[in-house]
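Working notes, beginning with the structure itself.
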Amino acid sequence: MSTERTRELTALVTAARDGDPEAQDALVGAYLPLVYNIVGRALNGSVDVDDVVQETMLRALDALDGLRTPESFRSWLVAIAMNQVRAHWHARQGAPGGVEEARELADPGADFVDLTMVRLQLSGQRRETARATRWLEPDDRGLLSLWWLECAGELTRAEVAQALELSPQHTAVRVQRMKAQLEAARVVVRALDSRPRCEELHGLLASWDGRPSALWRKRIARHARGCARCSGLWSGLMPAEGLLAGLALVAAAPALLDRVRSAADLVPAGSASTLGSTGHGGHRATGSRTASRSEVRRRRRNRRRAVGGAVVAACVAGGGLWYFDSVPGTGREEPAAARGAGAAVPDELVEPSPVNTSDSASASASASKSPSASAKPSKKASPSASAKKTEQAAPTTQAPTRASRKAAAAPQAQEAPSGTVAQVVALVNKERATAGCGPLAEDSLLDKSAQRHSEDMAARGFFDHTNPDGADPGQRITAAGYRWSTYGENIAMGQQTPEAVMESWMNSPGHRANILNCSFKDIGIGVHEGPGGPWWTQNFGAKL
């Protein structure tokens, strides 16, 4: 965390600790997404996720006056969240039939894996990795919830170790063991998705109840190691840390933030840790907070299924907060979930999902850990074509827009002047300097890769990170001769000036994350002018 951000956090925590309702409100709003991602991933599918998130935030507010070092608030909050996760699992395991009850109560609408895939528009090996988390034991899922955020640049290894109450060395050992389990789970996902399915595996699964479990993960992975047909599924697995690098947080439903604020407003007046209600005059009801929370929890349980289903439905209908690609200058973004309503998103099994984005949320594709600044979702941007990555995949069947069809039929237009590229690079480095990242150096090989992709989109009438031949950004960048350890891509179409396309990208969480990813060192820009264009491509990278 930068020195400036540390100072801002210290000031905010200090004000909240002193009883400032607005500061407490701001603190909850800023850190509830982090807690939601930790708890949601650790307790995937549990109907109690919202309850545990709410209890974590309320406990943190209650104990805020005992926090001696405000700058350690984030690691302290993460530790509280993990303690609440452990307490939840212990309570479930200690209750008669607790595990089975939890399975019965599991709600598809509350499935955090589904929310992750829908809201972050995951595809390829990123999607495969998210699905594989269902096959981990609770302890490994809890560790994964922290390590995922470490890979995404939201937590440090020291904060992960503190939350686990382990030394950094012991934490490293635990992480390596968990990664081995996750890798096996990814192969399990591949094996179950294979069509036609292996006959020997089909026989093995005759007694399987269809529920992911550690036992069946071991059985299926053991089969895949020894089977001549399935053994190839272990090849081509990109390191999970590279796939998770730069991913945004899954946004919590606004209703959850409202409920946390509402519950905090029920703390008896006079407590230093009460949370003021924004826009409600700051009045707080007196009485038993425990009883009030119980009532809130009871009402939430009754509404859970409807709320969970509504969240997923809203995302599929176009209400998701995270987007992927930038299309003609309409000034709006279209989530890939909306575009693909009713159509299955391909779940490629071979190539990694690189950091691809356009005017929407991006999945920063990289083969190594590359932390990135997280950005708040914005509603400004352009419709998008979701990034789909494959290795030798079948051609993408995406209907071209009217503008792209015209572009495909039109004669090739001349390239934009080199000054345009220089302006984009300068604007990128200006934003990075503001965020505390080093400047990017223009690389001729990345320029070549980006320019070819912009020209290809115009010539063949498509708008995507993966071309009709199945080549994704990593393959194109490699083909241009750039040897990368991590890479990313932003695309856009229709913005007429460098300033306009940069505004679109910076208003999109995913594109912004690529631009402000401090692990990138080089940049290449491709611009192709023509009817329906220009077509813009940014390629980012760091060399081996």
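The values are calculated or read from the model by the stated rules, or taken from the named source; none is laboratory data. Since this is a predicted model, take the numbers as computed values, not measurements. Quick reminder, even Gly has a Cβ in these numbers, built from the backbone with ideal geometry, and neighbours come from all protein chains shown. Heavy atoms of the whole protein, side chains included, go into the accessibility calculation; ligands, DNA and RNA do not. Shrake-Rupley method; radii C 1.70, N 1.55, O 1.52, S 1.80 Å.
When the test is whether a residue is at pLDDT below 90 and touching a Ser or Thr at 6+ places or on another chain (Cβ under 8 Å), N37 does not pass it. When restricted to residues that are touching a Leu at 6+ places or on another chain (Cβ under 9 Å), open to solvent by 30 Å² or more (accessible area, probe 1.4 Å) and within 14 Å of A132 (Cβ to Cβ), region 189-232 contains 2. Taken over region 428-475, the criterion of being out of contact with any strand residue (DSSP E or B) (no Cβ under 7 Å at 6 or more places or on another chain) and open to solvent by less than 10 Å² (accessible area, probe 1.4 Å) is satisfied by R432, G461, D464, T466, G470, D472. Of all residues in region 418-443, those satisfying the criterion of being of a type outside the set (A, V, I, L, M), out of contact with any Gly (no Cβ under 8 Å at 6 or more places or on another chain) and not in a helix (DSSP H, G or I) are G436, C437, G438, P439. Contact list please: Cβ distance under 8 Å, first residue in region 490-515 and more than 21 Å from D464 (Cβ to Cβ) and of a type in the set (A, V, I, L, M, F, W, C), second residue at pLDDT below 90 and assigned to a helix (DSSP H, G or I), pairs at least six apart or on different chains. Once the first residue is more than 21 Å from D464 (Cβ to Cβ) and of a type in the set (A, V, I, L, M, F, W, C) and sits in region 490-515, its partners that are at pLDDT below 90 and assigned to a helix (DSSP H, G or I) give M506/R512. Before we move on, is V53 in contact with a Ser or Thr (Cβ under 8 Å, 6 or more places away or on another chain) and either polar (S, T, N, Q) or open to solvent by less than 10 Å² (accessible area, probe 1.4 Å) (or both)? So V53 does not fit the description; no. Do we have any residue at all in region 103-125 that's surrounded by 15 or more Cβ atoms within 10 Å (Cβ to Cβ), in contact with a strand residue (DSSP E or B) (Cβ under 7 Å, 6 or more places away or on another chain), at pLDDT below 90 and among the aliphatic types (A, V, I, L, M)? Yes, there is a match, as at least one residue in region 103-125 is surrounded by 15 or more Cβ atoms within 10 Å (Cβ to Cβ), in contact with a strand residue (DSSP E or B) (Cβ under 7 Å, 6 or more places away or on another chain), at pLDDT below 90 and among the aliphatic types (A, V, I, L, M).
Considering the conditions (1) open to solvent by 30 Å² or more (accessible area, probe 1.4 Å); (2) touching a helix residue (DSSP H, G or I) at 6+ places or on another chain (Cβ under 8 Å); (3) modelled with pLDDT under 90, E499 is excluded by exactly one of them, (3).
Test T466 against the stated conditions and say whether it is polar (S, T, N, Q) and outside any helix (DSSP H, G or I). So T466 fits the description; yes.
Taken over region 1-50, the criterion of being polar (S, T, N, Q), outside any helix (DSSP H, G or I) and surrounded by fewer than 18 Cβ atoms within 10 Å (Cβ to Cβ) is satisfied by S2 alone.
Go through the residues of region 233-243 one by one and say whether even a single one is surrounded by 15 or more Cβ atoms within 10 Å (Cβ to Cβ) and free of Cβ contacts under 8 Å to residues at least 40 places away in the same chain. No, there is no match, as no residue in region 233-243 is surrounded by 15 or more Cβ atoms within 10 Å (Cβ to Cβ) and free of Cβ contacts under 8 Å to residues at least 40 places away in the same chain. For region 244-264, the set of residues classified as in contact with a Ser or Thr (Cβ under 9 Å, 6 or more places away or on another chain) and open to solvent by 10 Å² or more (accessible area, probe 1.4 Å) consists of A248, L249, R261, S262, listed by residue number. Among the residues of region 166-188, those identified as of a type in the set (A, V, I, L, M, F, W, C) and under 19 Å from T133 (Cβ atoms) are V175, M178, A180, L182, A184, A185, V187, V188.
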